Amino acid sequence: METENNSSWVAQFKASSDYLTLKEKPIAYFSAEYALSPLLPTYAGGLGILAGDIVKEASASQLPIVFVGLFYKKGQNDIVINSDIKNSGVELITNNSVPVTISIPISNRHVFFQVWLWNENGASVYLLDTDVPQNSLEDRLITSQLYVENHELRLKQEILLGIGGFRFLRHLLGLHPSVYHLNEGHSAFLALELVHHEMIHQKVDFATASEFASRHILFTNHTLVPAGQEIFMIESVSEALAGYAKEIEVPIRDIVNMGISDETKLFSMTTFSFRFSAIANSVSRIHNEKAALLWPKNKMDNITNGIYIPRWDKVLDKENIWTKHQENKRKLLEYIKKNTGVVWSEDTLLFGWGRRLVPYKQPLAFVQEVERFLSLAKDSNRPFRIVFSGPTSENITNELAIILKTYINEKLGDVAVFLPHFNIEIASLMIAGCDVWLNTPIVGREACGTSTMKAALNGVLPLSTKDGWIAEVDLRECGWVVNNSENLSVELLDITEKQIVPLYYEHLSNPEGSTWLSYMRNARSLIEKQFSTFRVLKEYTDKCYIPILHKKHIHKYQ
């Protein structure tokens, strides 16, 4: 029924005049990261995974969206582009075998970039790359690594993504998008190119052109965490955009003033994005509530994130969900054995925690009450184990990764393992092979939490704080919710001891028609019905893209 409804909506939309307009003037989706292939270091975490899922959904649903990002040579997991680039699915855009280049002003010079194309069944992702002979060594390094710690280099990346991406679409592809979708604020400088276009064609000043330009922009905010908000010194932005301001004949102070945060008095890409958006949205209801407190002047709609189900579905048939789950569990256990030397039984209850390693996600919450944890985990009749994973890199010092690995080695022994270099491959193994998925963020800090959706899709039952999308559903009969209190570690172990462990081992003794099996099927159904990227893109189309196309439902930001 769900598939029929999806097909019906697509058919109706494709028969509409709006679709024909968007085919000619498509939606342009800009993101600093995309998880497209394990061989491409173009993603770091949930933002990139989501963007990659949106690409795949746009392809499957044949929605008129073009995607723009950056072509990094090195990611945050020490994945490096090798000489055989084509195996990663990208091709360099050339003219008579010569790479096509375009330039943008940064500071007092022009920086050139070439463009790589990743295509999947008609969904095109264009990745900008400054590693070209025309540039100095300094400028060739702009796209050297995703999320570099050097703020000056990060600023150049964002200028390249926004202004360079816009110029590429307009001047090289000849596209005039109807809607510009900012997936986070990293690409917000594209608004300046829209403003310049309006100044020329409407013959208006910067302020009026800014109002016109904002009517075409949708801004999706993904994080309330300060570290996720790109903030730069005003002097740095003024210097980096000086040449561009001169080129479009706008005083640099007028540009910089659009991004100055009232709270920090620094230049904020989030503030800049809000001020240039017709519509802004959050990615879960609780995220929307918290955002309203943080940015009370900026009204946001909510479109809760989802996942591209075919990408993450390792079960396929919920009627045989236990058999498939055990196959998936054996694959994960084999990977753990191969990479850590630790051997666990497939009948032992297995918990999993895998995502970016940042404090608000509280990776140690489950094991913090170490004596009680070990006593329960080592119960000879009903044991359990836990596998952790997170991104690690030789070039990025992650104190939390070091703390977690040290904690496991010194206190937990072989009841826990840590898998480094968390990526699509490891994530796919864990969200299908664990029995219970731990999701432990501080409430109000996790925007959505799509890893838990992927796990639930595969019958891996969530044990979670009530944050992100979890706050929107009733997990009874498909998982467990804990109160996010000072006693979180105690509560996690209480639920584990009194509910999860007995339920799991009762299932092992009589798997046919067990409560655990029912929970697995319920968890899968929940995701299939409510949390697909099809639903996400349908909501974006109905609530954002079409209203922007018709210049309706436009919010005024202050």
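Sorted on the mean count of surrounding Cβ atoms within 10 Å across their residues, most packed first, peptides 51-58, 15-22, 106-113 read 51-58, 106-113, 15-22. Would you mind getting me the FRET efficiency between His201 and Leu117? Use the beta-carbon distance for r and R0 = 25 Å, nearest 0.05. Efficiency, from the Cβ-Cβ distance: 0.30.
Just by accessible area at a 1.4 angstrom probe, what is the order of Glu152, Glu486, Glu289, Glu446 from largest to smallest?
In descending accessible area the options line up as Glu486, Glu289, Glu152, Glu446.
The residues packed around Lys156, meaning those with a beta-carbon under 10 Å from its beta-carbon, carry a net charge of -3 if Lys and Arg are +1 and Asp and Glu are -1. Within the range 124-218, the trypsin sites (Lys or Arg not before Pro) that combine a DSSP coil assignment with at most 13 other C-beta atoms in a 10 angstrom radius are Lys203.
Pull out a ≥ b ≥ c, the square roots of the eigenvalues of the alpha-carbon gyration tensor of the range 491-532, then state rounded if a/c is under 1.5, prolate if not and a/b is larger than b/c, and oblate in the remaining case. Provide the component values of the computation, followed by the final result.
Values: a/c = 4.68, a/b = 1.38, b/c = 3.40.
Cα axes put the range 491-532 in the oblate bin.
Potential lengthening of the chain between Glu149 and Glu91 amounts to 18.0 nm, from the contour at 0.36 nm per residue minus the alpha-carbon distance. The string of couplings for the range 533-540 from the Karplus curve (6.51, -1.76, 1.60, θ = phi - 60°) is 5, 4, 4, 4, 5, 5, 5, 4 Hz, one whole number per residue in order, with x for Gly and Pro.
Once both labels are positioned 7 Å from their Cα atoms along Cα-to-Cβ, the gap between Leu20 and Lys265 label points is 5.6 nm. Length gained on full extension, Ala11 to Ser509: 174.5 nm, using 0.36 nm per residue less the C-alpha separation.
Rounded if a/c is under 1.5, else prolate if a/b is larger than b/c, else oblate: which is the range 71-199, with a ≥ b ≥ c the root eigenvalues of its Cα gyration tensor? Judged from the Cα gyration tensor, the range 71-199 comes out rounded (a/c under 1.5).
Shape class for the range 236-328, computed from the alpha carbon gyration tensor (a ≥ b ≥ c): prolate, with a/c not under 1.5 and a/b above b/c.
At full extension, Lys297 and Glu399 could sit 33.1 nm farther apart than now, given 0.36 nm per residue minus the alpha carbon distance.
When both bridge partners sit in the chain, DSSP labels roughly 35% of those beta bridges antiparallel. So the label point goes 7 Å from the Cα of Val490 along Cα→C-beta, right? Which residues of the range 348-376 then have their backbone N under 20 Å from it? Counting backbone N atoms under 20 Å from the label point, the list is 362-376.
Placing +1 on the Cβ of every Lys and Arg and -1 on the Cβ of every Asp and Glu, with no other charges, gives the range 110-211 a dipole of roughly 260 debye about its Cα centre.
Between the labelled values (1) 1.38; (2) 1.07; (3) 0.99, the entry that holds Cα Rg over 2.2 N^0.38 Å as derived from this structure is (3).
Using 1/(1 + (r/R0)^6) with R0 = 45 angstrom and r between the beta carbons of Asn257 and Glu138, what's the FRET efficiency to the nearest 0.05?
For R0 = 45 Å, the calculated efficiency reads 0.95.
Between the alpha-carbon centres of the range 280-313 and the range 155-224 there is a gap of 22 Å. Overall, the accessible surface of the range 220-360 at a probe of 1.4 angstrom is composed of carbon and sulfur to the extent of 53 percent. Approximating the spin labels as points 7 Å out from Cα along Cα→Cβ, the Lys551-to-Ser375 distance works out to 7.0 nm. Surface calculation, 1.4 Å probe, protein heavy atoms: Lys74 sits at approximately 40 Å² accessible. Using the Cβ-Cβ distance between Ile442 and His171 with R0 set to 56 Å, the FRET efficiency works out to roughly 0.80.
In the chain, the longest principal axis of the Cα atoms and the axis of helix 424-433 are about 30 degrees apart.
The values are calculated or read from the model by the stated rules, or taken from the named source; none is laboratory data. What you see is a predicted model, and the numbers here were worked out from it, not measured in a lab. For neighbour counting, all protein chains shown are included, and Cβ atoms are generated from backbone atoms with ideal geometry for every residue, glycine included. Side chains included, ligands, DNA and RNA excluded: accessible areas come from the protein's heavy atoms. Shrake-Rupley method; radii C 1.70, N 1.55, O 1.52, S 1.80 Å.
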